[in-house]
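K.L.:
First the structure, then my questions, so here it is.
The values are calculated or read from the model by the stated rules, or taken from the named source; none is laboratory data. Every value quoted in this text rests on a predicted model; they were computed, and no experiment measured them. So basically every Cβ, Gly included, is an ideal-geometry build from the backbone, and we count neighbours across all protein chains shown.
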Amino acid sequence: MKNRFSILCLLGVLAAFTGYAQTASKTATLADVGFMEGHWRGTFNGGPIEAVWIAPAGDNLTGFMRMMKGDKVSMYEMLIFEQTERGPVVLVKHFKPGLVGQEEKDVSDRYKFIEAKKNHALFEKEDGSIRIIYERRSDDQLVIQRGNQEGGKWAFKDLFVFSRVK
C-alpha cells in the first residue's frame, strides 16, 4: 500500500511538472504585446514625449516615439516588434533631428523576448546588459521600464510613463 501511494504521488508530481513545463515553454506572439496599441503622451527629461503603436498585423507591431525639448525635436525612435519562432523580437533605431541615424544603417538594437503576462511583456537586449518591461498599468497608462543588474538582481525604474491620448 505504501509503495502504491508513493507511486501515485510521484505520478502526480510528474504530471504537475509536465503541465508547468508546457506552460513555461509557450512561445509568445505579437498578441502578447498588442496591449500597447494606441496614441500615448508623457514627459521625459523635462520635455514632452509622444508614442504611437499600431495594432499587430501579419508578423509585426510597429511603433514610434518623438522626444522634444521645448518646441524642437531631440530624438525619434522607431520600434518594430517582429514575430520569430522564439517569440517577438524588438528592433530599435534612434534618429537625431533631420532623420540622421544614430546607429549604423544596417544595425539596430535587438531585444529578445523573455516572458509575457496580461498587459506586461519583458525583453532583454541581445548582449544581456538591459531589460525592458512594457506594461499597461490601466486603460489609460502605459509604462516602459528599464532594468539593469544591481547586486546580482534586476532593478527596474520607470523610463517613460505615458497617458492615453483621447
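K.L.:
Out of segment 35-46, which residues are surrounded by 15 or more Cβ atoms within 10 Å (Cβ to Cβ) and either under 17 Å from the mean Cα position of the chain (by Cα) or free of Cβ contacts under 8 Å to residues at least 40 places away in the same chain (or both)?
P.N.:
Phe35, Met36, Glu37, Gly38, Trp40, listed by residue number.
K.L.:
Do you know which of the residues in segment 129-166 that are at pLDDT below 95 and not in a strand (DSSP E or B) is nearest to the chain's Cα centre (by Cα)?
P.N.:
Looking at residues that are at pLDDT below 95 and not in a strand (DSSP E or B), I get Gly152.
K.L.:
Any idea how many residues of segment 123-165 are closer than 18 Å to Ile49 by Cα and either in contact with a helix residue (DSSP H, G or I) (Cβ under 8 Å, 6 or more places away or on another chain) or without any contact (Cβ under 8 Å) to a residue 12 or more places away in the chain (or both)?
P.N.:
Residues meeting the conditions: 3.
K.L.:
Now for a different question. Can you give me the number of residues within segment 121-136 that are among the small types (Gly, Ala, Ser) and surrounded by 16 or more Cβ atoms within 10 Å (Cβ to Cβ)?
P.N.:
Qualifying residue count for the region: 1.
K.L.:
Take Phe64 and decide whether it is crowded, with 18+ Cβ neighbours inside 10 Å and within 27 Å of Trp154 (Cα to Cα).
P.N.:
No; evaluated as a whole, the condition is false for this residue.
K.L.:
Sort out which residues of segment 96-116 are touching a Leu at 6+ places or on another chain (Cβ under 9 Å) and not aromatic (Phe, Trp, Tyr), and write them in order of number.
P.N.:
Ser108, Asp109, Arg110, Ile114, Glu115, Ala116 - these are the residues of segment 96-116 that are touching a Leu at 6+ places or on another chain (Cβ under 9 Å) and not aromatic (Phe, Trp, Tyr).
K.L.:
Right, next: Which one is farthest from the chain's Cα centre (by Cα) among residues in segment 88-121 that are among the basic types (Lys, Arg) and in a loop (DSSP other than H, G, I, E, B)?
P.N.:
Lys105
K.L.:
Scan Lys118, Lys153, Lys105, Lys96 and give me the residue that is surrounded by fewer than 14 Cβ atoms within 10 Å (Cβ to Cβ) and under 21 Å from Gly42 (Cα atoms).
P.N.:
Answer to the selection: Lys96.
K.L.:
Here is a further query. Somewhere in segment 30-44, is a residue closer than 17 Å to Pro97 by Cβ and part of a strand (DSSP E or B)? Steps first, answer last, please.
P.N.:
Keep residues of segment 30-44 that are closer than 17 Å to Pro97 by Cβ, which gives 44.
Cutting the leftovers down to part of a strand (DSSP E or B) gives us 44.
Yes, because at least one residue in segment 30-44 is closer than 17 Å to Pro97 by Cβ and part of a strand (DSSP E or B).
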